[in-house]
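The values are calculated or read from the model by the stated rules, or taken from the named source; none is laboratory data. Predicted model only: the values in this text are computed from it and were never measured. FYI the Cβ positions are ideal-geometry reconstructions off the backbone, even for glycines, and counts take in every protein chain you see.
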Amino acid sequence: MTATTDGSTGAPGPRTAAASEPTDTRVAAEQAARRSIEHLLGRQDAEGWWKGDLETNVTMDAEDLLLRQFLGIRDETTTRAAALFIRGEQREDGTWATFHGGPGELSTTIEAYVALRLAGDAPGDPHMARAAAWIREQGGMAASRVFTRIWLALFGWWKWDDLPELPPEIVCLPSWFPLNIYDFGCWARQTIVPLTVVSAKRPVRPAPFPLDELHTDPRDPSPVKPLSPANSWEGFFQRLDKVLHGYHKVAPRLLRRAAMNSAARWIIERQENDGCWGGIQPPAVYSVIALRLLGYDLDHPVMRAGLESLDRFAVWREDGARMIEACQSPVWDTCLATIALADAGLPADHPALVRAADWMLAEEIVRPGDWAVRKPGLPPGGWAFEFHNDNYPDIDDTAEVILALRRVRHPDPARVDAAIARAGRWTLGMQSKNGAWAAFDADNTSPFPNRLPFCDFGEVIDPPSADVTAHVVEMLAYEGRAQHPRTRRGIEWLLAEQEPDGSWFGRWGVNYVYGTGSVVPALTAAGLPAAHPALRRAVGWLESVQNDDGGWGEDLRSYHERSWAGRGASTASQTAWALLALLAAGERDGKAAERGIAFLAGTQRPDGSWDEPYFTGTGFPWDFSINYHLYRQVFPLTALGRYLHGEPLVRRDGA
């Protein structure tokens, strides 16, 4: 478990002793900013982009090995390197967690265990025996999530009949029909479409070894669970699943073949130029499996490009270990790094910033993607998160890229203005009906996908969030649109979403500190005065959760235990988020801001970087957590820069 600020592992407790503060905070901030600028400039790629490692959990590594085993291409070098990384992430109790210091997680532990069995670790080895014993204590394979049991079913360790059913015919449902694929978030639909093919084909490769040690009772590995009441949503979808299982046995052959062909076309049409799917590892893995089952050989150009793209998710470490990234974040990292450097005082025409702007401009998306299903008349524009992802531009990235480009004095300002005009128009058009913005789609709020028994792997819809809406509002305000009706609706939504304690929920970062650190600068940029009651409540909340060492931190448990809101070991990124809010709210000379700046200056390493093992990024709240390795560099520098230099941009409307 992650320790609280007093080092314990229970509910939040007393704060740690205060760290010594420098006598001159401004001098310390200037020195820290200088070192940080040098460090960040040294990490820029020659092409102009930045990218930090995107660390998640060992299911990425385990499933990579299982994929290679399934395809018959697993090699000793890859296996040994993956196993070295997986072993290194195991905890003393034999488990694997989904974030640094978090509790052991059953499905993650099962997948890690199976991967190590593939690597040759024996069930009797002490580390393996501890893991197996813990797995049995938690209910064994039968208690794991659906995706884990799908991987087990691929090798006959689990029965396909005992898995929820989702037929490929779902691909053929029109967009107005309940539970069509566009009711799912983009990350979920990219995963579900290939999995419907896998579910229909139900392949089984010969298991290289038994896994009886992971059952609570090997004689009854899949005990029947009682149905929930028929008049409950859970009961309804359980019974629907039984109907779908029955349909699997009688599905008309021509219809099933047509559905799988449609799924194959859908998958291939969304393969990116680099061979990946959406720039995300899990959809790529399942797409490769689905196409293999549909008869595509490994030398087919689609398959060859897909497999080559998976190798690019690998991060090789100095000790020979190999970590798999779930995704890569160059656009996000580059726009945040550009903002940080500019706000810290780097000249707007500095070559590093111009190179970054050139690279971002080249990454603009100018063709329609899946978002156009709900917004068919909206012209394209904007940016995605990854190197190559033309199907799924990201509203959050687009807003931040615009803010970054406005900080650069580019030699071709007309090119910048044109790209920003396209992106701004697209962003405005992607507003949801409630006045807010989500990450990838508009009005992706169906209540049904999350209720499917098949979908127990995390968030599968993309509703609007405070952090994304805040970034859009901030961008629109600096583009001279603070009084635009759509901007005002976004502001009204944000004010209505404020928590009673003064914070805002953070969907894509941990958690209330991130949400509050996003919303307050947006509201002030849009013209709300520092004396506004909502801003004063936010400041009061931030001051109330500041740690004794001057920093801020929040544990991921705040996603399902409200008592953890704003509580956790201090981190550089979360401290920076709190500071961004305080500085925007006019608290530059306040004690809380001074102590926060002192924390950043005092915890900086000699090379200008910060160390941060804690996970402060979010994929799915609680279920999938991310340690963005560049967050600990860009956000502290942004906070230091705004402390030293004040407002980062002159708003184009002069407000």
Fill in the blank from the handout: Exactly one of 577, 504, 541, 564 is at negative phi and more than 21 Å from the chain's Cα centre (by Cα), and that one is 541
Exercise for the section: Just give me the residues in the stretch 213-259 being of a type in the set (A, V, I, L, M, F, W, C), part of a loop (DSSP other than H, G, I, E, B) and surrounded by 12 or more Cβ atoms within 10 Å (Cβ to Cβ), in sequence order. Expected result: 227, 251
Practice task
Please tell me if residue 143 is farther than 14 Å from residue 210 by Cα and among the hydrophobic types (A, V, I, L, M, F, W, C).
Solution key: yes
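Within the stretch 490-498, is even one residue among the acidic types (Asp, Glu), farther than 19 Å from residue 394 by Cα and more than 17 Å from the chain's Cα centre (by Cα)? Write out each step before concluding.
The initial filter retains those residues of the stretch 490-498 that are among the acidic types (Asp, Glu), namely 492, 497.
After this cut, where a residue has to be farther than 19 Å from residue 394 by Cα as well, the list is 492, 497.
Filter once more, keeping what is more than 17 Å from the chain's Cα centre (by Cα): 492, 497.
Yes, the conditions are met somewhere in the stretch 490-498.
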Problem - Candidates 289, 280, 267 - the one that is of a type in the set (A, V, I, L, M) and under 17 Å from the mean Cα position of the chain (by Cα) - result: 280
Exercise for the section: Provide a single number: the residues in the stretch 473-508 that are under 30 Å from residue 614 (Cα atoms) and buried (at least 24 other Cβ atoms within 10 Å of the Cβ). Expected result: 8
Problem - Where a residue in the stretch 232-255 is more than 15 Å from residue 196 (Cα to Cα) and of a type in the set (Phe, Trp, Tyr) and its partner, wherever it lies, is modelled with pLDDT under 85 and assigned to a helix (DSSP H, G or I), with Cβ under 7 Å and at least six apart - result: 233/451; 237/451
Exercise for the section: Would you list the helices (runs of 4 or more DSSP H) that sit entirely within the stretch 420-526 and hold 2 or more residues that are out of contact with any helix residue (DSSP H, G or I) (no Cβ under 6 Å at 6 or more places or on another chain) and modelled with pLDDT of 95 or more? Expected result: 485-497, 512-525
Completion exercise
Only unsatisfied item for residue 547, checking (1) under 27 Å from residue 612 (Cα atoms); (2) within 25 Å of the chain's Cα centre (by Cα), is (2)
Exercise for the section: Return a yes/no flag: does the stretch 325-336 have any residue that is of a type outside the set (Lys, Arg), over 29 Å from residue 41 (Cβ atoms) and assigned to a helix (DSSP H, G or I). Expected result: no
Handout entry: Pick from the stretch 583-615, criterion of a type in the set (A, V, I, L, M) and touching a residue at least 60 places away in the same chain (Cβ under 8 Å), ranking: farthest from residue 627 (Cα to Cα)
Key = 585
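For residue 318, indicate whether it is among the acidic types (Asp, Glu), in a helix (DSSP H, G or I), assigned by TED's automatic domain parsing to the domain that holds residue 81 and surrounded by fewer than 18 Cβ atoms within 10 Å (Cβ to Cβ).
So residue 318 does not fit the description; no.
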Exercise for the section: Give 605, 632 a once-over and let me know the one that is in the same structural domain as residue 530 (by TED's automatic domain parsing) and crowded, with 17+ Cβ neighbours inside 10 Å. Expected result: 632
Exercise for the section: Look through 349, 358, 390 and report the one residue that is in a loop (DSSP other than H, G, I, E, B), more than 24 Å from the chain's Cα centre (by Cα) and among the acidic types (Asp, Glu). Expected result: 349
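Is it the case that the stretch 146-154 has a residue that's within 28 Å of the chain's Cα centre (by Cα), at pLDDT 95 or above and basic (Lys, Arg)?
The first filter runs over the stretch 146-154 and keeps only residues within 28 Å of the chain's Cα centre (by Cα), leaving 146-154.
Then drop every residue that is not at pLDDT 95 or above, which leaves 148-154.
Filter once more, keeping what is basic (Lys, Arg): 149.
Checked against the condition, which is being within 28 Å of the chain's Cα centre (by Cα), at pLDDT 95 or above and basic (Lys, Arg), the stretch 146-154 yields at least one hit.
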